[in-house]
Amino acid sequence: MKKRLFALVLAFLMLCAFPVPALAVETTGSITASYSGGMVTFSGSVTGDVKAVAVLLFNPDGVQIAMTTCAVTSGGGFSGSIRIKLTSYGTYSVKAADYEGGAFFSEDTFILTEPSQPPTSQPWIPQPSVPITDFDSGESVTAADIERLVSEDKTLTVHGEDGAKLVFSTEALEGISKQATGSVKMEIANVSDEYRQSHPGKLVFSLTVRSGDKYITDFGGSVTVSLPYELKEGKTAENVTAWHLTASGVMIEIPCTYDTATGLASFTVSHFSLYIVGVAGKWENPFADVSESDWFYDAVRFVYENGLMVGTGDTAFSPQVNTSRGMIVTILYRLEKLPKTSAVNPFDDVAAGKWYTDAVAWAAENGIVSGYGDGMFGPEDAITREQMAVILMNYSKFKGYDVSMSADLSKYTDASSISSWAKDAISWANATALIQGDGAKLMPTGKAERCQVAAILQRFIENVVK
């Protein structure tokens, strides 16, 4: 008996020798939750030394379907969200617990209900989405979106880098829609590095509209173009100029405005290719026989600056001198950047080694000229207005330009004097404002003076060449 009593006392003393842990402090807090637009959002507070909270989402069947964690602020608050698309209707539970373990200290619920159906007496008609009216350069827009913009009489804006922008009018979009074969990609690209040597100090941009493998260049409507340009010190907004750079390298000046606040040069076009922004240098007129008061002053400047015509001497342009047939062909040859040709000269009166020999051989090879017949071309002969019209029309066909326009020439009293072989060409040249005549006369067999040729070439490049 004494031994049993001694054993019990010894066991009690051993139990008292070990520390007994204190009871854990219960974590308390609150949480509220809601669901909208594919997102469960929650917020709440918690007591005690809780560093982070685990938030769990349970579906109406009580199955956990998502979890996230969030830090607890020094004031005991927490908040967060769970991105998830819920498809089952019913009551969802959102529960919160100490991230380091323990029971849930708070729970909230929300109900996902099935959307109400439209009244049976008034059938529900799905509303179409709003068509895209703005997007970034290099992105594509569907043909259906373009058609809707046209039907709703809206414009389309394409945004590029550094504030560059294209605004397509409804008419331009309609023209694109008629030519598109699928989705349409529109792009603004700064290609200045490729033209740094030929056009120093200027910015060159490539503007393109493409549908599949097809580039759409003519729209039949206007596009407002805004391109970035940093105004150099000492220059004013009036100095900033824009040009269309043709495939032949000719620069055609375009009316342009420059906004010093945005640093953008803006102009309106209906055709896309290469465009230049920069400061135009003052033209130092080298010709003593060409003055600013002459009607052909700008035309002479245009052909001279673009290397199409040169003077007849150091200070002479000789505006009233007749232009030879060889000169017209040579000008077009220059426009093509002097391509090499292996064609044999077909004309007996075009001698080898002349300044026009290669040009005439090239023009004959490509169907631009055919001569008088019997092996004669007459390179030194003064060209007539109707001959020039035929050559320009043949060159346009060679380049693939549109030559479908024609004009009613019956209003001219000398229309009957047009040669039969030149009637179509004169009609086209008149419709495109190349040869307009003098009052009631066209003077088709009149000689083309150098000043007239300069004006015709400028209009030809601005109205026909792309």
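Values in this text are rule-based calculations from the coordinates and carry no lab data. Source: prediction; values computed, not measured. A quick note on method: Cβ atoms are made from the backbone with ideal geometry, for glycine too, and the neighbour counts reach across all protein chains shown.
With an a/c value of 1.5 or above and a/b not larger than b/c for the gyration tensor axes a ≥ b ≥ c computed over the alpha-carbon atoms, the stretch 191-339 is described as oblate. All distinct Cα pairs of the chain go into the 1/r average, and the inverse of that average, the Kirkwood radius, is 29.9 Å. Compared with the direct C-alpha span, the chain from Tyr215 to Ala280 gains 20.4 nm at full extension, assuming 0.36 nm per residue.
The stretch 303-356 and the stretch 431-466 have Cα centres lying 18 Å from one another. Modelled this way, with points 7 Å down the Cα-to-C-beta line, the labels at Ala288 and Asp414 are 3.3 nm from one another. Note on Glu230 and Ala144: the model spin-label points, each 7 Å out from Cα along the C-beta direction, lie 4.5 nm apart. A Cβ-based charge dipole, computed about the Cα centre of the stretch 29-112 with Lys and Arg at +1 and Asp and Glu at -1, lands at about 280 debye. Scalar couplings 3J(HN,Hα) for the stretch 417-434, obtained by applying the Karplus form with A = 6.51, B = -1.76, C = 1.60 to θ = phi - 60°, are 8, 6, 4, 4, 6, 10, 4, 4, 5, 5, 4, 5, 5, 6, 5, 9, 6, 7 Hz; x denotes Gly and Pro. Helical runs assigned H by DSSP (4 residues or longer) give the chain a calculated mean residue ellipticity at 222 nm of -6500 deg cm²/dmol, each run adding -39500 (n - 2.57) before division by the residue total. Quick note on the stretch 252-297: its Rg to Rh ratio, both from C-alpha atoms and Rh being the Kirkwood radius, is 1.09. Spin-label pair Ser248-Phe110: with each label point 7 Å from Cα along the Cα-Cβ axis, the two points sit 6.8 nm from one another.
In order along the stretch 375-385, the Karplus-derived 3J(HN,Hα) couplings, from 6.51 cos²θ - 1.76 cosθ + 1.60 at θ = phi - 60°, round to x, 10, 10, x, x, 8, 6, 5, 7, 8, 5 Hz, and Gly and Pro are given as x. Taking every alpha-carbon pair in the stretch 123-224 and binning the separations at 10 Å intervals from zero gives 15, 43, 26, 12, 3, 1, 0 percent. Close amide H partners of Thr241, meaning residues 5 or more places away or on another chain with modelled amide H under 5 Å apart, are Gly278, Val279, Ala280. Here r is the Cβ-Cβ distance between Thr315 and Trp295 and R0 is 25 Å; the resulting FRET efficiency, rounded to 0.05, is 0.75. Measure up Lys202/Lys337; Lys340/Lys466; Lys214/Lys411; Lys165/Lys235; Lys165/Lys282; Lys282/Lys441 against 31 Å on the Cα-Cα distance and list the ones that go over. As for pairs spanning more than 31 Å Cα to Cα, those are Lys214/Lys411; Lys282/Lys441.
Each residue of the stretch 93-105 was assigned a 3J(HN,Hα) from its phi angle through the Karplus expression (A = 6.51, B = -1.76, C = 1.60, θ = phi - 60°), giving 10, 10, 10, 10, 8, 4, 4, 7, x, x, 6, 4, 9 Hz with x at Gly and Pro. Over all pairs of different C-alpha atoms in the stretch 29-112, the reciprocal of the mean inverse distance, the Kirkwood hydrodynamic radius, equals 12.8 Å.
Please give the helix 450-463 orientation as an angle from the longest Cα principal axis of the chain, in degrees from 0 to 90, rounded to the nearest 10. Its long axis makes an angle of about 30 degrees. Counting 0.36 nm for each residue step from Ala189 to Ser222 and taking away their Cα separation leaves a gain of 9.9 nm. With the convex hull of the Cα atoms taken as the outline of the stretch 297-463, the averaged projected area works out to 9.9 nm². Here the calculated FRET efficiency for Lys340 and Met443, from their Cβ-Cβ distance with R0 = 41 Å, stands at 0.65, rounded to the nearest 0.05. As a calculated quantity, the FRET efficiency between Thr181 and Tyr89 at R0 = 51 Å, using C-beta atoms, amounts to about 0.70.
Just how many % of Cα pairs in the stretch 427-466 lie over 16 Å apart, if you round to the nearest whole percent? Percent of Cα pairs beyond 16 Å in the stretch 427-466: 33. Compared with the dominant principal axis of the Cα atoms in the chain, helix 2-17 is inclined by about 30°. The length gained by stretching the chain between Thr41 and Thr73 to full extension, at 0.36 nm per residue less their Cα-Cα distance, is 9.8 nm.
Straight-line cross-link reach from Lys85 at under 19 Å between alpha-carbon atoms covers these lysines, not counting any fewer than eight positions away in the same chain: Lys95.
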